[in-house]
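The values are calculated or read from the model by the stated rules, or taken from the named source; none is laboratory data. Computed from a prediction, not measured in an experiment: that's the story for all the values here. No Cβ is skipped: glycine too gets one built from the backbone with ideal geometry, and neighbour counts run over all protein chains shown. Remember, those area values only see protein heavy atoms, side chains included, never the ligands or the DNA or RNA. Shrake-Rupley method; radii C 1.70, N 1.55, O 1.52, S 1.80 Å.
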Amino acid sequence: MNNFQYKNPTKILFGKNQLENIVPEIPENSKVLMLYGGGSIKKNGVYEQVTKALSNFEVIEFGGIPANPEYAILIDALKIIKEKDITFLLAVGGGSVIDGTKFLSAAALFKGENPWNILAENIAVQKGMPFGTVLTLPATGSEMNSGAVITRKETKEKLVMGGPGLFPQFSILDPEVVKSIPQRQIANGLADAFTHVLEQYMTYPVGGFLQDRFAESILQTLIEIAPKIMSDTSDYEAASNFMWSCTMALNGLIQQGVPSDWAIHMIGHELTALYGIDHARTLAIITESHYTYNFEDKKEKLAQYATRVWNVTEGTTEEKAKAGITKTTAFFQSLGIKTKLSEYTDRYEGTAEIISKRFTDRGWKGLGEHGKITPSDVEKIVKMSY
Ligand code: NZQ
Ligand code: ZN
(Lines give C-alpha, C1' and ligand atoms only; values in the text may rest on other atoms or scores of the structure.)
(Ligands and ions follow the chains in the order given, each with its own letter.)
Protein backbone atom coordinates (compact mmCIF):
# COMPACT_ATOMS: atom_id res chain seq x y z
CA MET A 1 0.00 0.00 0.00
CA ASN A 2 1.27 3.51 -0.78
CA ASN A 3 1.74 6.23 1.85
CA PHE A 4 -1.06 8.72 2.33
CA GLN A 5 -2.42 11.61 4.36
CA TYR A 6 -6.18 11.88 4.59
CA LYS A 7 -8.44 14.53 6.04
CA ASN A 8 -12.08 15.06 5.18
CA PRO A 9 -13.67 17.79 7.29
CA THR A 10 -17.21 17.70 5.82
CA LYS A 11 -19.95 16.93 8.36
CA ILE A 12 -22.71 14.75 6.96
CA LEU A 13 -26.31 15.00 8.18
CA PHE A 14 -27.93 11.95 6.64
CA GLY A 15 -31.56 10.87 6.58
CA LYS A 16 -35.16 12.05 6.70
CA ASN A 17 -35.86 15.61 7.89
CA GLN A 18 -32.21 16.48 8.50
CA LEU A 19 -32.88 19.99 7.18
CA GLU A 20 -34.42 20.68 10.58
CA ASN A 21 -30.89 20.50 11.98
CA ILE A 22 -29.31 23.03 9.63
CA VAL A 23 -29.39 26.14 11.87
CA PRO A 24 -26.49 25.33 14.24
CA GLU A 25 -24.33 24.40 11.23
CA ILE A 26 -24.35 27.96 9.83
CA PRO A 27 -22.44 30.61 11.81
CA GLU A 28 -24.74 33.01 13.68
CA ASN A 29 -25.42 36.35 11.95
CA SER A 30 -24.33 34.97 8.59
CA LYS A 31 -25.55 36.70 5.47
CA VAL A 32 -26.41 33.70 3.33
CA LEU A 33 -26.47 33.38 -0.45
CA MET A 34 -28.69 30.41 -1.33
CA LEU A 35 -27.75 29.01 -4.74
CA TYR A 36 -29.86 26.67 -6.83
CA GLY A 37 -30.39 25.37 -10.35
CA GLY A 38 -33.10 25.58 -12.96
CA GLY A 39 -36.06 25.24 -10.66
CA SER A 40 -36.54 21.57 -9.74
CA ILE A 41 -36.41 22.59 -6.05
CA LYS A 42 -39.48 24.76 -6.57
CA LYS A 43 -41.48 21.78 -7.81
CA ASN A 44 -40.51 19.14 -5.25
CA GLY A 45 -40.91 21.06 -2.01
CA VAL A 46 -37.18 21.39 -1.24
CA TYR A 47 -37.25 25.18 -1.77
CA GLU A 48 -39.99 25.66 0.86
CA GLN A 49 -38.21 23.35 3.30
CA VAL A 50 -34.91 25.20 2.95
CA THR A 51 -36.33 28.72 3.14
CA LYS A 52 -38.36 27.73 6.21
CA ALA A 53 -35.30 26.22 7.88
CA LEU A 54 -33.30 29.41 7.18
CA SER A 55 -35.96 31.80 8.45
CA ASN A 56 -33.66 33.19 11.16
CA PHE A 57 -30.95 34.19 8.69
CA GLU A 58 -30.73 37.03 6.22
CA VAL A 59 -30.93 35.13 2.92
CA ILE A 60 -30.44 36.29 -0.66
CA GLU A 61 -31.23 33.86 -3.49
CA PHE A 62 -29.47 33.12 -6.74
CA GLY A 63 -31.21 30.59 -9.00
CA GLY A 64 -30.54 29.49 -12.57
CA ILE A 65 -27.22 27.68 -12.30
CA PRO A 66 -27.46 25.27 -15.26
CA ALA A 67 -26.28 21.67 -15.52
CA ASN A 68 -22.55 21.91 -16.25
CA PRO A 69 -22.27 25.15 -14.27
CA GLU A 70 -21.56 28.05 -16.58
CA TYR A 71 -18.79 30.51 -15.76
CA ALA A 72 -20.61 33.61 -17.08
CA ILE A 73 -23.62 32.92 -14.84
CA LEU A 74 -21.40 32.31 -11.83
CA ILE A 75 -19.74 35.68 -12.39
CA ASP A 76 -23.19 37.28 -11.93
CA ALA A 77 -23.46 35.49 -8.58
CA LEU A 78 -19.95 36.65 -7.65
CA LYS A 79 -21.05 40.27 -8.14
CA ILE A 80 -23.92 39.71 -5.69
CA ILE A 81 -21.57 38.16 -3.12
CA LYS A 82 -19.38 41.25 -3.27
CA GLU A 83 -22.14 43.87 -3.45
CA LYS A 84 -24.21 42.37 -0.65
CA ASP A 85 -21.34 41.38 1.66
CA ILE A 86 -22.34 37.72 1.72
CA THR A 87 -20.54 35.65 4.36
CA PHE A 88 -21.89 32.12 3.81
CA LEU A 89 -22.93 30.17 0.69
CA LEU A 90 -25.56 27.43 0.65
CA ALA A 91 -25.79 25.20 -2.42
CA VAL A 92 -29.16 23.50 -2.89
CA GLY A 93 -28.91 21.10 -5.80
CA GLY A 94 -26.86 18.46 -7.56
CA GLY A 95 -23.22 18.43 -8.60
CA SER A 96 -23.62 21.45 -10.87
CA VAL A 97 -24.95 23.77 -8.19
CA ILE A 98 -22.45 22.48 -5.64
CA ASP A 99 -19.53 22.83 -8.06
CA GLY A 100 -20.67 26.33 -9.01
CA THR A 101 -20.77 27.20 -5.31
CA LYS A 102 -17.25 25.86 -4.84
CA PHE A 103 -16.04 28.11 -7.63
CA LEU A 104 -17.75 31.06 -5.93
CA SER A 105 -16.27 30.11 -2.58
CA ALA A 106 -12.82 30.30 -4.16
CA ALA A 107 -13.53 33.36 -6.33
CA ALA A 108 -14.96 35.35 -3.40
CA LEU A 109 -11.57 35.32 -1.67
CA PHE A 110 -9.41 35.30 -4.83
CA LYS A 111 -6.83 38.09 -4.87
CA GLY A 112 -5.97 37.91 -8.58
CA GLU A 113 -7.63 39.95 -11.31
CA ASN A 114 -9.25 37.25 -13.40
CA PRO A 115 -11.16 34.51 -11.54
CA TRP A 116 -10.96 32.25 -14.63
CA ASN A 117 -7.29 31.76 -13.73
CA ILE A 118 -8.39 29.66 -10.74
CA LEU A 119 -9.32 27.12 -13.44
CA ALA A 120 -6.91 27.94 -16.25
CA GLU A 121 -3.91 27.83 -13.92
CA ASN A 122 -5.42 25.09 -11.75
CA ILE A 123 -4.64 27.01 -8.55
CA ALA A 124 -4.94 24.81 -5.45
CA VAL A 125 -7.46 26.70 -3.31
CA GLN A 126 -6.28 26.78 0.31
CA LYS A 127 -9.11 28.90 1.67
CA GLY A 128 -12.59 29.67 0.39
CA MET A 129 -15.70 31.41 1.70
CA PRO A 130 -17.45 28.88 3.99
CA PHE A 131 -20.32 26.98 2.41
CA GLY A 132 -22.70 24.10 3.02
CA THR A 133 -24.81 21.96 0.72
CA VAL A 134 -28.29 20.47 0.57
CA LEU A 135 -27.88 17.64 -1.92
CA THR A 136 -30.81 16.97 -4.27
CA LEU A 137 -29.18 14.53 -6.70
CA PRO A 138 -26.90 11.63 -5.75
CA ALA A 139 -24.15 11.29 -8.38
CA THR A 140 -20.95 13.29 -8.20
CA GLY A 141 -19.84 13.07 -4.56
CA SER A 142 -19.23 16.84 -4.73
CA GLU A 143 -21.13 17.13 -1.42
CA MET A 144 -18.17 15.55 0.40
CA ASN A 145 -15.12 16.39 -1.69
CA SER A 146 -13.12 19.49 -2.56
CA GLY A 147 -13.22 19.35 -6.36
CA ALA A 148 -15.36 21.15 -8.94
CA VAL A 149 -15.76 21.23 -12.71
CA ILE A 150 -16.74 24.51 -14.41
CA THR A 151 -17.86 25.05 -18.00
CA ARG A 152 -17.26 28.06 -20.22
CA LYS A 153 -19.54 28.02 -23.25
CA GLU A 154 -17.79 30.89 -24.97
CA THR A 155 -14.63 28.80 -25.42
CA LYS A 156 -16.20 25.32 -25.17
CA GLU A 157 -14.01 24.55 -22.17
CA LYS A 158 -14.75 22.42 -19.12
CA LEU A 159 -11.99 22.57 -16.53
CA VAL A 160 -11.41 21.12 -13.08
CA MET A 161 -10.42 22.98 -9.93
CA GLY A 162 -10.14 22.25 -6.24
CA GLY A 163 -8.04 22.38 -3.11
CA PRO A 164 -8.20 21.70 0.61
CA GLY A 165 -10.13 24.94 1.20
CA LEU A 166 -13.10 23.75 -0.83
CA PHE A 167 -14.70 21.03 1.27
CA PRO A 168 -18.28 21.85 2.27
CA GLN A 169 -18.61 22.63 6.00
CA PHE A 170 -21.62 20.34 6.04
CA SER A 171 -23.89 18.49 3.64
CA ILE A 172 -27.48 17.51 4.19
CA LEU A 173 -28.29 14.19 2.56
CA ASP A 174 -31.99 13.42 2.74
CA PRO A 175 -32.73 10.45 0.45
CA GLU A 176 -36.37 11.60 0.15
CA VAL A 177 -35.20 14.07 -2.52
CA VAL A 178 -34.59 11.12 -4.85
CA LYS A 179 -38.37 10.69 -5.33
CA SER A 180 -38.64 13.56 -7.81
CA ILE A 181 -35.52 12.80 -9.87
CA PRO A 182 -36.25 11.92 -13.52
CA GLN A 183 -35.05 8.51 -14.70
CA ARG A 184 -32.40 9.99 -16.98
CA GLN A 185 -30.72 11.65 -13.97
CA ILE A 186 -31.04 8.51 -11.81
CA ALA A 187 -29.25 6.56 -14.55
CA ASN A 188 -26.62 9.30 -14.76
CA GLY A 189 -26.05 9.21 -11.02
CA LEU A 190 -25.60 5.44 -10.99
CA ALA A 191 -23.20 5.50 -13.95
CA ASP A 192 -21.20 8.46 -12.62
CA ALA A 193 -20.72 6.96 -9.15
CA PHE A 194 -19.89 3.56 -10.69
CA THR A 195 -17.21 5.15 -12.85
CA HIS A 196 -15.81 7.15 -9.92
CA VAL A 197 -15.12 3.87 -8.18
CA LEU A 198 -13.63 2.34 -11.33
CA GLU A 199 -11.29 5.32 -11.83
CA GLN A 200 -9.82 4.72 -8.37
CA TYR A 201 -9.71 0.93 -8.67
CA MET A 202 -9.02 -0.17 -12.25
CA THR A 203 -5.28 0.38 -12.21
CA TYR A 204 -2.76 -2.19 -10.95
CA PRO A 205 -2.52 -4.08 -7.65
CA VAL A 206 -0.54 -2.42 -4.83
CA GLY A 207 -1.74 -4.60 -1.97
CA GLY A 208 -4.47 -2.20 -0.89
CA PHE A 209 -6.73 -5.05 0.21
CA LEU A 210 -9.13 -2.93 2.21
CA GLN A 211 -9.37 -0.19 -0.44
CA ASP A 212 -10.13 -2.85 -3.06
CA ARG A 213 -12.89 -4.32 -0.89
CA PHE A 214 -14.33 -0.86 -0.18
CA ALA A 215 -14.42 -0.16 -3.91
CA GLU A 216 -15.93 -3.54 -4.78
CA SER A 217 -18.59 -3.16 -2.11
CA ILE A 218 -19.69 0.19 -3.52
CA LEU A 219 -19.86 -1.29 -7.03
CA GLN A 220 -21.86 -4.28 -5.76
CA THR A 221 -24.26 -2.01 -3.88
CA LEU A 222 -24.83 0.16 -6.95
CA ILE A 223 -25.49 -2.95 -9.07
CA GLU A 224 -27.91 -4.28 -6.44
CA ILE A 225 -29.96 -1.13 -6.05
CA ALA A 226 -29.87 0.03 -9.70
CA PRO A 227 -32.97 -1.84 -10.91
CA LYS A 228 -34.87 -0.96 -7.72
CA ILE A 229 -34.26 2.77 -7.85
CA MET A 230 -34.71 2.89 -11.64
CA SER A 231 -38.16 1.36 -11.31
CA ASP A 232 -39.29 3.13 -8.12
CA THR A 233 -37.68 6.36 -6.95
CA SER A 234 -39.83 6.35 -3.82
CA ASP A 235 -38.17 3.15 -2.55
CA TYR A 236 -36.48 4.75 0.50
CA GLU A 237 -34.18 1.82 1.19
CA ALA A 238 -32.85 1.87 -2.38
CA ALA A 239 -32.68 5.68 -2.38
CA SER A 240 -30.68 5.84 0.84
CA ASN A 241 -28.20 3.23 -0.35
CA PHE A 242 -27.96 4.98 -3.71
CA MET A 243 -27.23 8.30 -2.04
CA TRP A 244 -24.63 7.04 0.40
CA SER A 245 -22.89 4.93 -2.27
CA CYS A 246 -22.52 8.00 -4.50
CA THR A 247 -21.04 10.02 -1.66
CA MET A 248 -18.65 7.24 -0.62
CA ALA A 249 -17.57 6.73 -4.23
CA LEU A 250 -15.86 10.13 -4.34
CA ASN A 251 -15.15 11.47 -0.87
CA GLY A 252 -11.49 10.52 -1.09
CA LEU A 253 -11.62 7.46 1.15
CA ILE A 254 -11.25 4.70 -1.42
CA GLN A 255 -8.39 6.37 -3.27
CA GLN A 256 -6.04 6.57 -0.26
CA GLY A 257 -2.90 4.49 -0.64
CA VAL A 258 -3.73 3.25 -4.13
CA PRO A 259 -3.10 4.63 -7.64
CA SER A 260 -5.93 6.29 -9.51
CA ASP A 261 -6.59 6.82 -13.20
CA TRP A 262 -9.15 9.59 -14.07
CA ALA A 263 -8.41 9.44 -17.83
CA ILE A 264 -12.04 8.53 -18.55
CA HIS A 265 -13.17 11.70 -16.80
CA MET A 266 -10.60 13.95 -18.44
CA ILE A 267 -11.60 12.73 -21.90
CA GLY A 268 -15.30 12.71 -20.99
CA HIS A 269 -15.22 16.37 -19.92
CA GLU A 270 -14.15 17.26 -23.46
CA LEU A 271 -17.18 15.46 -24.91
CA THR A 272 -19.45 17.52 -22.66
CA ALA A 273 -17.62 20.71 -23.58
CA LEU A 274 -17.92 19.96 -27.31
CA TYR A 275 -21.39 18.41 -27.56
CA GLY A 276 -23.17 19.04 -24.24
CA ILE A 277 -23.51 15.31 -23.57
CA ASP A 278 -24.46 14.57 -19.93
CA HIS A 279 -21.33 13.99 -17.83
CA ALA A 280 -22.16 10.40 -16.87
CA ARG A 281 -22.92 9.45 -20.48
CA THR A 282 -19.53 10.67 -21.66
CA LEU A 283 -17.98 8.22 -19.19
CA ALA A 284 -20.04 5.36 -20.54
CA ILE A 285 -18.83 6.27 -24.04
CA ILE A 286 -15.12 6.18 -23.12
CA THR A 287 -14.84 3.37 -20.54
CA GLU A 288 -14.81 0.30 -22.80
CA SER A 289 -12.32 1.80 -25.29
CA HIS A 290 -10.04 3.03 -22.52
CA TYR A 291 -9.93 -0.36 -20.80
CA THR A 292 -9.50 -2.20 -24.09
CA TYR A 293 -6.71 0.12 -25.25
CA ASN A 294 -4.89 -0.13 -21.91
CA PHE A 295 -5.72 -3.79 -21.38
CA GLU A 296 -2.17 -4.99 -20.58
CA ASP A 297 -1.77 -2.43 -17.77
CA LYS A 298 -5.15 -3.08 -16.25
CA LYS A 299 -5.86 -6.75 -16.82
CA GLU A 300 -5.10 -7.96 -13.30
CA LYS A 301 -7.52 -5.55 -11.69
CA LEU A 302 -10.04 -6.09 -14.48
CA ALA A 303 -9.95 -9.83 -13.77
CA GLN A 304 -10.25 -9.30 -10.01
CA TYR A 305 -13.23 -7.00 -10.63
CA ALA A 306 -14.89 -9.52 -12.95
CA THR A 307 -14.50 -12.26 -10.36
CA ARG A 308 -15.43 -10.39 -7.21
CA VAL A 309 -18.06 -7.99 -8.53
CA TRP A 310 -19.61 -9.95 -11.41
CA ASN A 311 -18.94 -13.53 -10.22
CA VAL A 312 -16.98 -14.47 -13.35
CA THR A 313 -15.13 -17.54 -12.12
CA GLU A 314 -14.16 -19.37 -15.34
CA GLY A 315 -11.25 -18.63 -17.66
CA THR A 316 -7.74 -17.21 -17.73
CA THR A 317 -6.85 -13.77 -16.33
CA GLU A 318 -7.25 -12.31 -19.84
CA GLU A 319 -10.64 -13.94 -20.39
CA LYS A 320 -11.94 -12.77 -17.03
CA ALA A 321 -10.58 -9.28 -17.66
CA LYS A 322 -12.37 -9.12 -21.02
CA ALA A 323 -15.58 -10.31 -19.37
CA GLY A 324 -15.16 -7.48 -16.84
CA ILE A 325 -15.14 -4.95 -19.68
CA THR A 326 -18.20 -6.49 -21.35
CA LYS A 327 -20.13 -6.60 -18.06
CA THR A 328 -19.38 -2.93 -17.46
CA THR A 329 -20.74 -1.87 -20.84
CA ALA A 330 -23.79 -4.08 -20.30
CA PHE A 331 -24.37 -2.42 -16.92
CA PHE A 332 -24.41 1.05 -18.50
CA GLN A 333 -26.76 -0.20 -21.20
CA SER A 334 -29.06 -1.75 -18.57
CA LEU A 335 -29.55 1.82 -17.30
CA GLY A 336 -30.65 2.93 -20.77
CA ILE A 337 -27.32 4.65 -21.42
CA LYS A 338 -25.86 4.47 -24.92
CA THR A 339 -22.16 3.69 -25.06
CA LYS A 340 -21.01 4.95 -28.47
CA LEU A 341 -20.36 8.59 -29.42
CA SER A 342 -22.17 8.21 -32.75
CA GLU A 343 -25.36 7.47 -30.80
CA TYR A 344 -25.22 11.03 -29.37
CA THR A 345 -24.02 13.14 -32.31
CA ASP A 346 -23.70 12.90 -36.10
CA ARG A 347 -20.69 15.20 -35.94
CA TYR A 348 -18.39 12.69 -34.30
CA GLU A 349 -15.81 12.52 -37.14
CA GLY A 350 -12.77 14.58 -36.15
CA THR A 351 -13.59 14.56 -32.43
CA ALA A 352 -10.54 12.48 -31.54
CA GLU A 353 -8.18 14.91 -33.26
CA ILE A 354 -9.80 17.94 -31.59
CA ILE A 355 -9.49 16.43 -28.11
CA SER A 356 -5.94 15.27 -28.68
CA LYS A 357 -4.96 18.76 -29.87
CA ARG A 358 -6.58 20.38 -26.84
CA PHE A 359 -4.57 18.14 -24.52
CA THR A 360 -1.38 18.94 -26.41
CA ASP A 361 -2.13 22.69 -26.33
CA ARG A 362 -2.67 22.52 -22.58
CA GLY A 363 0.70 20.86 -22.19
CA TRP A 364 -0.80 17.62 -20.85
CA LYS A 365 1.85 14.99 -21.47
CA GLY A 366 0.36 11.89 -19.89
CA LEU A 367 -2.88 10.70 -18.32
CA GLY A 368 -3.75 7.58 -16.37
CA GLU A 369 -2.25 5.82 -13.37
CA HIS A 370 1.18 5.62 -15.02
CA GLY A 371 0.95 9.10 -16.54
CA LYS A 372 1.84 7.60 -19.90
CA ILE A 373 -1.34 8.00 -21.97
CA THR A 374 -0.27 10.64 -24.49
CA PRO A 375 -2.53 12.91 -26.54
CA SER A 376 -1.94 10.52 -29.45
CA ASP A 377 -3.19 7.58 -27.31
CA VAL A 378 -6.21 9.68 -26.35
CA GLU A 379 -6.93 10.17 -30.05
CA LYS A 380 -6.98 6.40 -30.58
CA ILE A 381 -9.16 5.78 -27.52
CA VAL A 382 -11.71 8.36 -28.67
CA LYS A 383 -11.76 6.89 -32.19
CA MET A 384 -12.48 3.47 -30.72
CA SER A 385 -15.51 5.05 -29.00
CA TYR A 386 -17.19 6.34 -32.18
O1 NZQ B 1 -31.35 22.57 -12.34
P2 NZQ B 1 -32.50 21.87 -11.71
O3 NZQ B 1 -33.81 22.41 -12.13
O4 NZQ B 1 -32.37 21.77 -10.23
O5 NZQ B 1 -32.53 20.36 -12.31
C6 NZQ B 1 -31.45 19.47 -12.17
C7 NZQ B 1 -30.65 19.34 -13.46
O8 NZQ B 1 -31.43 19.63 -14.58
C9 NZQ B 1 -32.01 18.09 -11.97
N10 NZQ B 1 -32.27 17.75 -10.56
C11 NZQ B 1 -31.39 17.80 -9.51
N12 NZQ B 1 -32.00 17.36 -8.39
C13 NZQ B 1 -33.27 17.02 -8.72
C14 NZQ B 1 -33.43 17.28 -10.09
N15 NZQ B 1 -34.61 17.07 -10.73
C16 NZQ B 1 -35.63 16.60 -9.98
N17 NZQ B 1 -35.53 16.31 -8.66
C18 NZQ B 1 -34.37 16.51 -7.99
N19 NZQ B 1 -34.26 16.19 -6.68
O20 NZQ B 1 -31.00 17.23 -12.47
C21 NZQ B 1 -30.33 17.87 -13.54
C22 NZQ B 1 -28.85 17.58 -13.46
O23 NZQ B 1 -28.29 18.18 -12.33
P24 NZQ B 1 -26.71 18.30 -12.18
O25 NZQ B 1 -26.43 18.97 -10.88
O26 NZQ B 1 -26.15 18.91 -13.41
O27 NZQ B 1 -26.24 16.78 -12.16
P28 NZQ B 1 -25.03 16.07 -11.48
O29 NZQ B 1 -25.22 15.99 -10.01
O30 NZQ B 1 -24.86 14.83 -12.24
O31 NZQ B 1 -23.79 17.05 -11.72
C32 NZQ B 1 -23.08 17.06 -12.93
C33 NZQ B 1 -21.93 18.04 -12.86
O34 NZQ B 1 -20.99 17.65 -11.84
C35 NZQ B 1 -19.68 17.52 -12.42
C36 NZQ B 1 -19.99 17.16 -13.84
O37 NZQ B 1 -18.89 17.34 -14.68
C38 NZQ B 1 -21.15 18.05 -14.16
O39 NZQ B 1 -20.70 19.35 -14.47
N40 NZQ B 1 -18.87 16.59 -11.63
C41 NZQ B 1 -18.43 16.99 -10.43
C42 NZQ B 1 -17.59 16.22 -9.66
C43 NZQ B 1 -17.10 16.67 -8.35
N44 NZQ B 1 -17.29 17.92 -8.00
O45 NZQ B 1 -16.50 15.92 -7.61
C46 NZQ B 1 -17.15 14.91 -10.10
C47 NZQ B 1 -17.90 14.37 -11.25
O48 NZQ B 1 -17.09 13.43 -11.90
C49 NZQ B 1 -18.37 15.38 -12.23
O50 NZQ B 1 -17.36 15.72 -13.14
ZN1 ZN C 1 -17.94 11.84 -12.68
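Points worth noting:
- Residue-by-residue Karplus 3J(HN,Hα) for the range 249-266, coefficients 6.51, -1.76, 1.60, Hz, glycine and proline x: 5, 9, 10, x, 4, 6, 8, 5, x, 10, x, 10, 9, 6, 5, 4, 5, 5
- Relative packing of peptides 292-298, 186-192 - highest average C-beta neighbours within 10 Å first: 186-192, 292-298
- Checked against a 19 Å cut-off, the cross-linked pairs 179/338; 43/82; 156/357; 301/322; 298/357 give Cα-Cα distances beyond that limit for 179/338; 43/82; 298/357.
- Taking the chain and dividing mean pair separation by its residue count, relative contact order in percent (alpha carbons under 8 Å, at least six apart): 15
- The chain: equivalent-ellipsoid semi-axes (sqrt of 5 x gyration tensor eigenvalues, Cα, Å): 33, 24, 19
- Cross-link pairs 299/380; 127/372; 11/111 - those with Cα-Cα distance over 25 Å: 127/372; 11/111
- Accessible surface of residue 178 - all protein chains present, 1.4 Å probe, nearest 10 Å²: 0
- A simple spin-label model places pseudo-atoms 7 Å from Cα toward Cβ; at residue 236 and residue 109 they are separated by 3.8 nm.
- Here the Kirkwood formula, the inverse mean of 1/r across different C-alpha pairs, assigns the range 11-176 a hydrodynamic radius of 15.6 Å.
- Inter-label distance for residue 122 and residue 60, nm, one decimal - labels placed 7 Å from Cα along Cα-to-Cβ: 3.4
- Computed P(r) (all Cα pairs; the range 182-384; 5 Å bins; percent): 1, 8, 16, 20, 21, 17, 11, 5, 1, 0
- Dipole axis of the chain (+1 Lys, Arg; -1 Asp, Glu on Cβ), positive-most option in 336, 285, 15: 285
- Stretched out straight at 0.36 nm per residue, the stretch from residue 183 to residue 11 would grow longer than its current Cα-Cα span by 59.0 nm.
- A simple spin-label model places pseudo-atoms 7 Å from Cα toward Cβ; at residue 209 and residue 20 they are separated by 4.4 nm.
- Estimated [θ] at 222 nm from DSSP helical runs (n ≥ 4, -39500 (n - 2.57)) normalised by residues in the chain, nearest 500: -14500 deg cm²/dmol
- For the chain: accessible area per residue (Å², 1.4 Å): 42
- To put it simply, the accessible area of the range 182-384 at a 1.4 Å probe is 51 percent carbon and sulfur.
- Restriction of the trypsin sites (Lys or Arg not before Pro) in the range 331-362 to DSSP coil positions whose beta-carbon has at most 15 other beta-carbons within 10 angstrom yields 338, 340, 347, 362.
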